[in-house]
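A quick write-up on the structure given underneath.
The values are calculated or read from the model by the stated rules, or taken from the named source; none is laboratory data. Small disclaimer: the values here were computed from a predicted structure and weren't measured. Note: ideal-geometry Cβ built from the backbone for every residue, glycine included; neighbour counts use all protein chains shown. The accessibility values were calculated without ligands, DNA or RNA, using every heavy atom of the protein model including side chains. Shrake-Rupley method; radii C 1.70, N 1.55, O 1.52, S 1.80 Å.
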Amino acid sequence: MWSWMMGFWQPVTNLRDYVSQNPPGVTFFLCLLTLAISFICLSSYSYTHTLPNPDTAKDWNHLLASLSKFQLCVKANASTSELVSPVPSPLIDRNISVDSTKTPSLTILHLKVPLAVTTHSNSGSLKYLGLQTALRASQLHLGGNEIVNVTLEVLSGNDTYTCLTINAQTHLLPMSLLPPECPASENNISPIHVEASNQLPTASQTCYSLRSKNDPTLTVMLTPVEQSVAVRHLLEVSVCLLGVCLLLCVAASLTHPTLRRYHWNGLDLQNEPLIDP
(Lines give C-alpha, C1' and ligand atoms only; values in the text may rest on other atoms or scores of the structure.)
Protein backbone atom coordinates (compact mmCIF):
# COMPACT_ATOMS: atom_id res chain seq x y z
CA MET A 1 0.00 0.00 0.00
CA TRP A 2 2.77 2.42 0.97
CA SER A 3 4.75 1.62 -2.16
CA TRP A 4 1.64 2.16 -4.24
CA MET A 5 1.07 5.61 -2.66
CA MET A 6 4.71 6.57 -3.21
CA GLY A 7 4.43 5.54 -6.82
CA PHE A 8 1.19 7.50 -7.16
CA TRP A 9 2.52 10.75 -5.60
CA GLN A 10 5.54 11.83 -7.58
CA PRO A 11 5.59 15.65 -7.19
CA VAL A 12 8.30 16.46 -9.70
CA THR A 13 6.92 14.14 -12.35
CA ASN A 14 3.35 15.28 -11.74
CA LEU A 15 4.31 18.95 -11.98
CA ARG A 16 6.31 18.37 -15.16
CA ASP A 17 3.42 16.53 -16.78
CA TYR A 18 0.96 19.19 -15.61
CA VAL A 19 3.05 21.96 -17.17
CA SER A 20 3.28 20.11 -20.48
CA GLN A 21 -0.41 19.23 -20.63
CA ASN A 22 -2.09 22.38 -19.22
CA PRO A 23 -0.79 25.61 -20.82
CA PRO A 24 -3.78 27.74 -19.66
CA GLY A 25 -3.30 26.72 -16.03
CA VAL A 26 0.44 27.38 -16.23
CA THR A 27 -0.21 30.81 -17.76
CA PHE A 28 -2.63 31.67 -14.94
CA PHE A 29 -0.06 30.54 -12.36
CA LEU A 30 2.70 32.65 -13.92
CA CYS A 31 0.42 35.72 -13.98
CA LEU A 32 -0.35 35.34 -10.28
CA LEU A 33 3.32 34.82 -9.45
CA THR A 34 4.39 37.85 -11.50
CA LEU A 35 1.74 40.02 -9.82
CA ALA A 36 2.86 38.88 -6.37
CA ILE A 37 6.52 39.65 -7.15
CA SER A 38 5.53 43.07 -8.55
CA PHE A 39 3.65 43.94 -5.35
CA ILE A 40 6.63 42.86 -3.25
CA CYS A 41 8.98 45.07 -5.29
CA LEU A 42 6.54 47.97 -5.09
CA SER A 43 6.24 47.61 -1.32
CA SER A 44 10.04 47.56 -1.02
CA TYR A 45 10.30 50.73 -3.10
CA SER A 46 7.53 52.40 -1.08
CA TYR A 47 9.31 51.50 2.16
CA THR A 48 12.59 53.13 1.11
CA HIS A 49 11.24 56.16 -0.83
CA THR A 50 8.90 59.00 -0.01
CA LEU A 51 5.88 58.96 -2.30
CA PRO A 52 3.46 61.75 -3.34
CA ASN A 53 -0.01 61.63 -1.88
CA PRO A 54 -2.40 60.46 -4.64
CA ASP A 55 -5.41 61.77 -2.69
CA THR A 56 -4.24 65.38 -3.02
CA ALA A 57 -6.49 66.82 -5.69
CA LYS A 58 -4.61 70.10 -6.05
CA ASP A 59 -1.26 71.59 -5.16
CA TRP A 60 0.81 74.45 -6.53
CA ASN A 61 2.45 72.31 -9.20
CA HIS A 62 -0.99 71.44 -10.57
CA LEU A 63 -2.13 75.06 -10.39
CA LEU A 64 0.94 76.38 -12.20
CA ALA A 65 0.71 73.64 -14.83
CA SER A 66 -2.93 74.58 -15.48
CA LEU A 67 -2.00 78.27 -15.74
CA SER A 68 0.83 77.56 -18.19
CA LYS A 69 -1.63 76.06 -20.70
CA PHE A 70 -3.00 79.51 -21.50
CA GLN A 71 -1.73 82.21 -23.82
CA LEU A 72 -1.88 85.70 -22.29
CA CYS A 73 -2.72 88.13 -25.09
CA VAL A 74 -3.00 91.90 -24.84
CA LYS A 75 -6.54 93.13 -25.39
CA ALA A 76 -7.17 95.43 -28.29
CA ASN A 77 -8.72 98.14 -26.10
CA ALA A 78 -6.30 97.46 -23.20
CA SER A 79 -9.15 97.84 -20.70
CA THR A 80 -9.66 95.99 -17.49
CA SER A 81 -11.20 92.57 -17.91
CA GLU A 82 -14.83 92.30 -16.94
CA LEU A 83 -13.99 89.36 -14.70
CA VAL A 84 -11.58 91.32 -12.49
CA SER A 85 -13.03 92.10 -9.10
CA PRO A 86 -13.22 95.91 -8.71
CA VAL A 87 -12.86 95.83 -4.93
CA PRO A 88 -9.45 94.76 -3.59
CA SER A 89 -9.52 92.23 -0.78
CA PRO A 90 -7.47 92.52 2.39
CA LEU A 91 -4.32 90.47 2.63
CA ILE A 92 -4.89 87.32 4.68
CA ASP A 93 -2.11 85.63 6.56
CA ARG A 94 -1.37 82.12 5.29
CA ASN A 95 -1.44 80.79 8.86
CA ILE A 96 -4.98 81.96 9.64
CA SER A 97 -7.60 79.24 9.62
CA VAL A 98 -10.87 79.98 7.87
CA ASP A 99 -14.27 79.16 9.34
CA SER A 100 -16.23 77.45 6.57
CA THR A 101 -19.58 78.31 8.22
CA LYS A 102 -19.05 82.00 7.54
CA THR A 103 -18.98 83.90 4.28
CA PRO A 104 -16.03 82.67 2.18
CA SER A 105 -13.10 85.01 2.71
CA LEU A 106 -10.67 86.14 0.05
CA THR A 107 -6.92 85.61 0.11
CA ILE A 108 -4.17 87.52 -1.65
CA LEU A 109 -0.86 85.67 -1.98
CA HIS A 110 2.33 87.17 -3.37
CA LEU A 111 4.58 84.21 -4.17
CA LYS A 112 7.78 83.41 -6.04
CA VAL A 113 6.84 80.52 -8.32
CA PRO A 114 8.76 78.42 -10.91
CA LEU A 115 6.97 79.96 -13.86
CA ALA A 116 8.75 81.51 -16.84
CA VAL A 117 7.22 84.12 -19.15
CA THR A 118 8.22 84.09 -22.82
CA THR A 119 7.02 85.85 -25.95
CA HIS A 120 7.54 85.37 -29.68
CA SER A 121 6.47 88.86 -30.68
CA ASN A 122 8.66 91.93 -31.08
CA SER A 123 7.39 93.54 -27.91
CA GLY A 124 10.76 94.44 -26.51
CA SER A 125 12.38 93.26 -23.30
CA LEU A 126 10.44 91.35 -20.66
CA LYS A 127 12.21 93.30 -17.94
CA TYR A 128 9.83 95.10 -15.58
CA LEU A 129 6.87 93.40 -17.23
CA GLY A 130 3.60 92.87 -15.40
CA LEU A 131 0.59 90.94 -16.67
CA GLN A 132 -2.85 90.92 -15.11
CA THR A 133 -5.77 88.68 -15.99
CA ALA A 134 -8.74 86.88 -14.48
CA LEU A 135 -9.88 83.30 -14.90
CA ARG A 136 -12.58 81.04 -13.62
CA ALA A 137 -11.54 78.61 -10.90
CA SER A 138 -12.65 75.72 -13.13
CA GLN A 139 -10.14 76.81 -15.78
CA LEU A 140 -7.36 76.24 -13.25
CA HIS A 141 -8.91 72.93 -12.12
CA LEU A 142 -9.68 74.40 -8.71
CA GLY A 143 -13.41 73.71 -8.91
CA GLY A 144 -16.35 76.09 -9.14
CA ASN A 145 -16.90 79.20 -11.25
CA GLU A 146 -15.49 81.76 -8.83
CA ILE A 147 -13.18 84.45 -10.16
CA VAL A 148 -9.44 84.10 -9.66
CA ASN A 149 -7.42 87.27 -10.29
CA VAL A 150 -3.82 86.66 -11.35
CA THR A 151 -0.94 89.12 -11.71
CA LEU A 152 2.51 88.11 -12.96
CA GLU A 153 5.65 90.22 -12.55
CA VAL A 154 8.85 89.16 -14.28
CA LEU A 155 11.81 89.17 -11.91
CA SER A 156 14.80 91.19 -13.04
CA GLY A 157 17.64 88.92 -14.18
CA ASN A 158 15.68 85.70 -13.53
CA ASP A 159 14.06 83.82 -16.41
CA THR A 160 13.00 80.81 -14.32
CA TYR A 161 10.94 82.31 -11.50
CA THR A 162 8.12 84.85 -11.57
CA CYS A 163 6.28 86.80 -8.91
CA LEU A 164 2.68 85.58 -8.84
CA THR A 165 -0.01 87.58 -7.08
CA ILE A 166 -3.20 85.54 -6.87
CA ASN A 167 -6.48 86.77 -5.42
CA ALA A 168 -9.19 84.15 -4.83
CA GLN A 169 -11.44 82.64 -2.23
CA THR A 170 -9.40 80.88 0.43
CA HIS A 171 -11.01 77.47 0.01
CA LEU A 172 -10.02 77.37 -3.67
CA LEU A 173 -6.29 77.73 -3.15
CA PRO A 174 -3.94 74.96 -1.98
CA MET A 175 -2.81 76.38 1.35
CA SER A 176 -0.33 73.61 2.19
CA LEU A 177 3.30 73.76 1.06
CA LEU A 178 3.11 77.32 -0.21
CA PRO A 179 5.92 78.67 -2.41
CA PRO A 180 8.16 81.30 -0.79
CA GLU A 181 6.98 84.87 -0.63
CA CYS A 182 8.14 87.06 -3.46
CA PRO A 183 10.41 89.94 -2.43
CA ALA A 184 8.97 93.41 -2.64
CA SER A 185 9.59 95.03 -6.00
CA GLU A 186 11.65 98.20 -6.00
CA ASN A 187 9.97 99.33 -9.21
CA ASN A 188 6.37 100.43 -9.45
CA ILE A 189 5.23 98.18 -12.31
CA SER A 190 1.89 98.93 -13.95
CA PRO A 191 0.56 95.56 -15.14
CA ILE A 192 -0.84 95.11 -18.62
CA HIS A 193 -4.36 93.73 -18.77
CA VAL A 194 -4.35 90.56 -20.85
CA GLU A 195 -6.83 87.84 -21.76
CA ALA A 196 -6.15 84.18 -21.07
CA SER A 197 -6.84 81.95 -24.06
CA ASN A 198 -5.96 78.41 -25.03
CA GLN A 199 -6.26 79.22 -28.73
CA LEU A 200 -3.31 79.93 -30.99
CA PRO A 201 -2.71 83.68 -31.21
CA THR A 202 -2.84 85.61 -34.46
CA ALA A 203 0.22 87.26 -35.94
CA SER A 204 -1.06 90.74 -35.06
CA GLN A 205 -1.53 89.95 -31.36
CA THR A 206 1.04 90.48 -28.64
CA CYS A 207 0.90 87.33 -26.57
CA TYR A 208 2.93 85.82 -23.78
CA SER A 209 3.46 82.13 -23.08
CA LEU A 210 3.97 80.57 -19.68
CA ARG A 211 6.21 77.62 -18.91
CA SER A 212 5.99 75.94 -15.53
CA LYS A 213 8.57 73.69 -13.90
CA ASN A 214 7.61 70.95 -11.47
CA ASP A 215 9.02 71.72 -8.02
CA PRO A 216 9.28 68.64 -5.75
CA THR A 217 9.15 70.85 -2.66
CA LEU A 218 5.60 71.86 -3.58
CA THR A 219 4.30 68.28 -3.87
CA VAL A 220 2.26 66.94 -0.95
CA MET A 221 3.87 63.66 0.14
CA LEU A 222 2.50 60.73 2.12
CA THR A 223 3.02 60.87 5.85
CA PRO A 224 5.06 58.04 7.47
CA VAL A 225 1.88 56.52 8.89
CA GLU A 226 0.10 56.57 5.53
CA GLN A 227 3.15 55.13 3.81
CA SER A 228 3.45 52.27 6.33
CA VAL A 229 -0.23 51.41 5.81
CA ALA A 230 0.26 51.28 2.04
CA VAL A 231 3.33 49.03 2.42
CA ARG A 232 1.45 46.68 4.76
CA HIS A 233 -1.48 46.37 2.36
CA LEU A 234 0.83 45.56 -0.53
CA LEU A 235 2.58 42.87 1.49
CA GLU A 236 -0.74 41.37 2.58
CA VAL A 237 -1.93 41.08 -1.01
CA SER A 238 1.42 39.59 -2.04
CA VAL A 239 1.20 36.92 0.67
CA CYS A 240 -2.33 36.01 -0.43
CA LEU A 241 -1.22 35.66 -4.05
CA LEU A 242 1.77 33.54 -3.07
CA GLY A 243 -0.56 31.35 -1.01
CA VAL A 244 -2.78 30.80 -4.04
CA CYS A 245 0.30 29.92 -6.11
CA LEU A 246 1.36 27.40 -3.46
CA LEU A 247 -2.08 25.77 -3.45
CA LEU A 248 -1.97 25.45 -7.23
CA CYS A 249 1.44 23.78 -7.04
CA VAL A 250 0.24 21.33 -4.38
CA ALA A 251 -2.90 20.52 -6.37
CA ALA A 252 -0.84 19.87 -9.53
CA SER A 253 1.65 17.68 -7.64
CA LEU A 254 -1.17 15.52 -6.26
CA THR A 255 -2.74 14.93 -9.67
CA HIS A 256 -1.42 11.67 -11.11
CA PRO A 257 -0.43 11.91 -14.79
CA THR A 258 -1.99 8.54 -15.66
CA LEU A 259 -5.38 9.82 -14.56
CA ARG A 260 -5.05 12.82 -16.84
CA ARG A 261 -3.92 10.65 -19.75
CA TYR A 262 -6.80 8.28 -19.13
CA HIS A 263 -9.18 11.21 -19.02
CA TRP A 264 -7.92 12.68 -22.29
CA ASN A 265 -7.77 9.27 -23.97
CA GLY A 266 -11.33 8.57 -22.90
CA LEU A 267 -12.44 11.82 -24.47
CA ASP A 268 -10.55 11.00 -27.65
CA LEU A 269 -12.14 7.56 -27.85
CA GLN A 270 -15.59 9.04 -27.41
CA ASN A 271 -14.99 11.53 -30.20
CA GLU A 272 -13.55 9.00 -32.69
CA PRO A 273 -15.95 8.01 -35.48
CA LEU A 274 -16.94 4.40 -35.71
CA ILE A 275 -15.45 2.49 -38.70
CA ASP A 276 -17.38 -0.39 -40.10
CA PRO A 277 -15.32 -3.51 -40.75
Quiz item: What net charge is computed for the residues neighbouring residue 165, neighbours being all others with C-beta under 12 Å from the C-beta of residue 165, Lys and Arg scored +1, Asp and Glu -1?
Solution: -1
Exercise. Could you order peptides 56-62, 22-28 by the average number of other Cβ atoms within 10 Å of their residues, highest first?
Key: 56-62, 22-28
Self-check item: Cα gyration tensor, the stretch 210-260 - rounded (a/c under 1.5), prolate or oblate
Solution: oblate
Quiz prompt | Shape call, the stretch 147-207: gyration tensor on alpha carbons, a/c limit 1.5 | solution = oblate
Exercise. Enter the accessible area per residue of the stretch 129-181 (Å², integer; probe 1.4 Å; all protein chains in place).
Key: 39
Quiz prompt | Distance in nm between pseudo-label sites at residue 145 and residue 237 (7 Å out along the Cβ direction from Cα) | solution = 4.0
